[in-house]
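Undergrad: Pasting in a structure now, in structure tokens, and then I'll have a few things to ask.
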Amino acid sequence: MTKLAILGASCHGKVVADAAFESGAWDEIVFFDDAYPDKKKLECWTVIGSTLDLIIDLNNYHVIVAIGDNKTRFKKQAVLEANGAVIATVIHPKSTVSSFSTIEQGSVVMAGAIVNAFSYISKSCIVNSNSVIEHDCFLGCGVHISPNASLAGGVKIGNMSWVGIASCVRELISIGESIIIGAGSVVVKNVFIKGVYVGNPLRQIE
């Protein structure tokens, strides 16, 4: 029996669990969360322990971290890897992922998302519902591409950055590390200075 442990019994955890269930790759799905034992249930799934409990019991599971905050998700995955966890990758069966793309461990690709040929998705990324990652894109570790966001060909996104819902990034653009692109923004120039950016034309607000 193949069992999946999801660390993070959150709203994001629900959709990761749903994608994992729909994929049919695991016979059993359970949650771990640091709110345990106060939290023992997430919808139809059981929360059976904390991060420490999971580390003690790692040999029984494939593991994925389902925490929305990029840095927290990546750090939790690093701790699990250091303790010998087998890190899972979850790909919803209603996504379209090229056989010529690469999806590293701990990343999730949600329903309706497209990852085209020769794109590279690094560790602990979220490629959310109906987002588009065109050919030859590169996503660094811990990146989140929000629902309906689109990256044209050859876009590079640095570690821990977040592209907001329904945003568009022009071909061959580079976005640096720890940058937030707000909802509905249009990115037509490279962005390297850490901060929060919104709008069309894009401007920095934080």
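The values are calculated or read from the model by the stated rules, or taken from the named source; none is laboratory data. Since this is a predicted model, take the numbers as computed values, not measurements. Cβ coordinates were reconstructed from backbone atoms using ideal geometry, including for glycine residues, and neighbour counts include every protein chain displayed. Only protein heavy atoms, including side chains, enter the accessible area calculation; ligands, DNA and RNA are left aside. Shrake-Rupley method; radii C 1.70, N 1.55, O 1.52, S 1.80 Å.
Undergrad: For segment 1-115, taking Cα atoms only, what is the radius of gyration to one decimal and the Dmax to the nearest whole Å?
TA: 13.4, 44
Undergrad: Name the long-range amide H neighbours of VAL187: under 5 Å, sequence gap of 5 or more, or other chain; modelled H, no Pro or chain starts.
TA: Amide H to amide H, under 5 Å and 5 or more residues apart or across chains, VAL187 pairs with CYS168, VAL169, ARG170.
Undergrad: Give, in nm to one decimal, the length gained when the segment between LYS71 and SER174 is fully stretched (0.36 nm per residue of separation minus the Cα-Cα distance).
TA: Going from the current span to full extension adds 35.1 nm.
Undergrad: Share of Cα-Cα pairs in segment 90-153 beyond 21 Å, in percent?
TA: 3
Undergrad: Mind listing the phi-derived Karplus ³J(HN,Hα) values for segment 118-125, rounded to whole Hz, using 6.51, -1.76 and 1.60 with θ = phi - 60°, and x for any glycine or proline?
TA: 6, 8, 10, 10, 6, 4, 6, 9
Undergrad: From Cα pairs below 8 angstrom and at least 6 apart in sequence, can you work out the relative contact order of segment 93-206, rounded to a whole percent?
TA: Computed over segment 93-206, the figure is 15 percent.
Undergrad: Beyond 29 Å between alpha-carbons counts as too far, so tell me which of LYS76/LYS189; LYS39/LYS94; LYS39/LYS76; LYS3/LYS156 fall in that bin.
TA: Among LYS76/LYS189; LYS39/LYS94; LYS39/LYS76; LYS3/LYS156, the Cα-Cα distance tops 29 Å for LYS76/LYS189; LYS39/LYS94; LYS3/LYS156.
Undergrad: Expressed as a rounded percentage, what relative contact order does the chain have, with Cα pairs under 8 Å and six or more residues apart?
TA: 11
Undergrad: Okay, next question. Could you give me the ³J(HN,Hα) list for segment 86-94, computed from phi with Karplus coefficients 6.51, -1.76, 1.60 and θ = phi - 60°, whole Hz, x at Gly and Pro?
TA: Each residue of segment 86-94 in turn: 8, 7, 8, 10, 10, 10, 5, x, 9 Hz.
Undergrad: Output the peptides 126-137, 10-21 sorted from most to least packed, where packing is the average of other Cβ atoms within 10 Å over each peptide's residues.
TA: 126-137, 10-21
Undergrad: Right, something else. Hey, if you put +1 on the Cβ of every Lys and Arg and -1 on every Asp and Glu Cβ in segment 40-88, which of LEU80, LEU52, ASN70 ends up farthest toward the positive end of that dipole?
TA: Positive-end residue among those listed: ASN70.
Undergrad: Probe 1.4 Å, all protein chains in place: accessible area of GLU28 in Å², nearest 10?
TA: 70
Undergrad: Could you work out the helix-only [θ] at 222 nm for the chain, with each DSSP H run of four or more residues adding -39,500 (n - 2.57) and the total divided by the number of residues, to the nearest 500 deg cm²/dmol?
TA: Computed mean residue ellipticity for the chain: -4500 deg cm²/dmol.
Undergrad: With a cut-off of 8 Å between alpha carbons and a minimum separation of six or more residues, what is the relative contact order of segment 1-79 in percent?
TA: Relative contact order here is 37 percent.
Undergrad: With all protein chains present, calculate the accessible area of HIS62 using a 1.4 Å probe and round the result to the nearest 10 Å².
TA: 70
Undergrad: Further, regarding this structure: By how many nm would the segment from ALA82 to LEU58 grow when fully extended, if each residue of separation counts as 0.36 nm and the alpha-carbon distance is taken off?
TA: Length gained between ALA82 and LEU58: 7.5 nm.
Undergrad: With Cα Rg over 2.2 N^0.38 Å as the read-out, I listed (1) 1.11; (2) 1.17; (3) 1.01; which label goes with the value calculated from this structure?
TA: (3)
Undergrad: I would also like to ask the following. Amide H to amide H, which residues 5 or more places from THR89 or on other chains are under 5 Å from it, using H placed in the peptide plane?
TA: Under 5 Å from the amide H of THR89: GLY106.
Undergrad: Hey, any idea what Rg/Rh is for segment 35-84, computing Rh the Kirkwood way over Cα pairs?
TA: Here Rg/Rh amounts to 0.96.
Undergrad: Let me ask something additional. Could you give the dipole magnitude of the chain about its Cα centre, charging the beta-carbon of Lys and Arg +1 and that of Asp and Glu -1, in debye to the nearest 20?
TA: 500
Undergrad: Can you grab the distance from the C-alpha centre of segment 146-173 to the C-alpha centre of segment 1-66, Å, no decimals?
TA: Centre-to-centre distance over Cα atoms comes out at 29 Å.
Undergrad: If r is the Cβ-Cβ distance from LYS40 to SER98 and R0 is 41 Å, what FRET efficiency results, to the nearest 0.05?
TA: FRET efficiency, LYS40 to SER98: 0.55.
Undergrad: Taking the Cα centroid of segment 68-95 and of segment 183-203, what is the distance between the two, rounded to the nearest whole Å?
TA: Value for the Cα centre distance between the two parts: 27 Å.
Undergrad: While we're here: I'd like the antiparallel share, as a percent to the nearest 5, of DSSP beta bridges with both residues in the chain.
TA: The antiparallel proportion sits near 10 percent.
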